[in-house]
Every structure is written in structure tokens, then in C-alpha cells.
Amino acid sequence: MPICLSKQLNLGRFETRTERPDFPFHQVTQVHGNDIVHLNEIPCEADGIIVNWTDYKNPLAIKTADCLPVVIEGESGVVFLHAGWRGLANGILQQSEIKSIQPLTAYIGPSIQSCCFEVSQDFRENFPQSSFFHEKKEKLFFNLQAEAEKRLKDLHPHLTITISHDCTFCHPMYHSYRRDKTTQRNWNIYIKGS
């Protein structure tokens, strides 16, 4: 099973795979929202999973095709998020569940980078205070990763944040909806203690 990326984090490992894993894992039905749910609420529609370390048994999975997979490790547990531009605009990174795990580190996995995330002028209305827009050859681009990092740092100044620079649009090994209009997804996996 192809693994595009494997990254050792403080308390676990993050992987991005191009196919569904063949081992047991927890996932939610993602809806581009801002809800974060506990394991005992799954199956359900949400865009984040929170697990206390004492309840952690199986890996967690978040599917993306350009959006940001975000792992936040804390003293008491982990939060794994699907954060597209809608989720960011609607405050998924400001949810109280993140604070509740006493966050220590965050990792933003492979996602569409500002080199390829072209947006319309109207898109600015979703992030009216953001300084992460730039123009290139009369086209407007947005830096999702920088916006996510700022939002996390504003609430958790001590948080150590690492960002993958792999662009899902640029690199054909990743599935990209913007590039191919594909229905396939990248399977982002968090495995505790690996």
C-alpha cells in the first residue's frame, strides 16, 4: 500500500497513504464543517476526532484531497482534524476541544500550498482580516497553512507547529481534487506511539 509520507511526531506517527488502510481505524463522515467529536460519538458527521490517551486504541484517519490534515498532540490526548478553507473560516481551529487536551505540538500534513491555491477576489470575504493573500500575474492566491498556523498560535502561543511543504496539487503522487476533480482521497493516519 503506497505511503507518500511518514513523519515521526512527539507522541506518534503521521502517515499519508493513497489507499484505504487495511487495519482497524476510527474515522468520521467529513462534511467541511467545524465539529470535533469524541470516539463514543462515532459514527457521525464531523471534521475532527478527539481522543484521550487513556481511550486511544486504534489509529485515527482523516481523508483529504487538498484540504489540511491537522494533528494536535496534547498532554491529555490528541485531536485530528480535516481543515479545509470552510472549516478554517468557520473556526474549527478555535474549538474548545483543542484547548481541553492541553496542546503541545501540531503538525499540518500535505495539502494544497499557496503556489497552487488560486482563489477569486470574492474569496477574501471568507478571511477579511487575513494577510495571507498574494497576487501573481494578476491572479490571487491564498496560504491556508499560514492562516491555520496563525489561528493556532493566537490561541496557543506556546504551541510548536510543523508544516509539511508537500503540495497535493504539485505532486502527482497525492490525490488532488483541484488538479484532477478526483473522487479519490489521501488517507492521513495518526498512529500513537509509533
ask   = Restricting attention to the range 41-66, which residues are in a strand (DSSP E or B), more than 19 Å from GLY109 (Cβ to Cβ) and out of contact with any Gly (no Cβ under 7 Å at 6 or more places or on another chain)?
value = GLU45
note = The one condition GLN145 fails out of (1) within 17 Å of VAL71 (Cβ to Cβ); (2) without any contact (Cβ under 8 Å) to a residue 40 or more places away in the chain is (2)
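Which of the following residues is in contact with an Asp or Glu (Cβ under 7 Å, 6 or more places away or on another chain), touching a residue at least 12 places away in the same chain (Cβ under 8 Å) and surrounded by 16 or more Cβ atoms within 10 Å (Cβ to Cβ): SER176, SER164, SER114? Give the derivation first.
Numbers: SER164 fails: in contact with an Asp or Glu (Cβ under 7 Å, 6 or more places away or on another chain); SER114 fails: in contact with an Asp or Glu (Cβ under 7 Å, 6 or more places away or on another chain).
Within the list SER176, SER164, SER114, the selection yields SER176.
Residues that are exposed (fewer than 14 other Cβ atoms within 10 Å of the Cβ) and without any contact (Cβ under 8 Å) to a residue 12 or more places away in the chain: list the strands (runs of 3 or more DSSP E) wholly contained in the range 1-40 that include at least 1 such residues. Spell out the reasoning first.
Working: elements: 3-8, 12-17, 36-38.
Counting at least 1 such residues, we get 3-8.
Within the range 89-103, how many residues turn out to be on the phi < 0 side of the Ramachandran plot and free of Cβ contacts under 8 Å to residues at least 40 places away in the same chain? Please lay out each step first, then the result.
Narrowing the range 89-103 to residues on the phi < 0 side of the Ramachandran plot: 89-90, 92-101, 103.
Those left that are additionally free of Cβ contacts under 8 Å to residues at least 40 places away in the same chain: 89, 96.
Residues meeting the conditions: 2.
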task = Tell me which of these PRO103 doesn't satisfy, since it passes every other one: (1) closer than 24 Å to PHE23 by Cα; (2) surrounded by 18 or more Cβ atoms within 10 Å (Cβ to Cβ).
result = (1)
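None of the figures in this text is laboratory data; all of them are computed from the coordinates on show. For clarity, every value in this text was computed on a predicted model and none was experimentally measured. All Cβ positions, glycine included, derive from the backbone under ideal geometry; neighbour counts span all protein chains shown.
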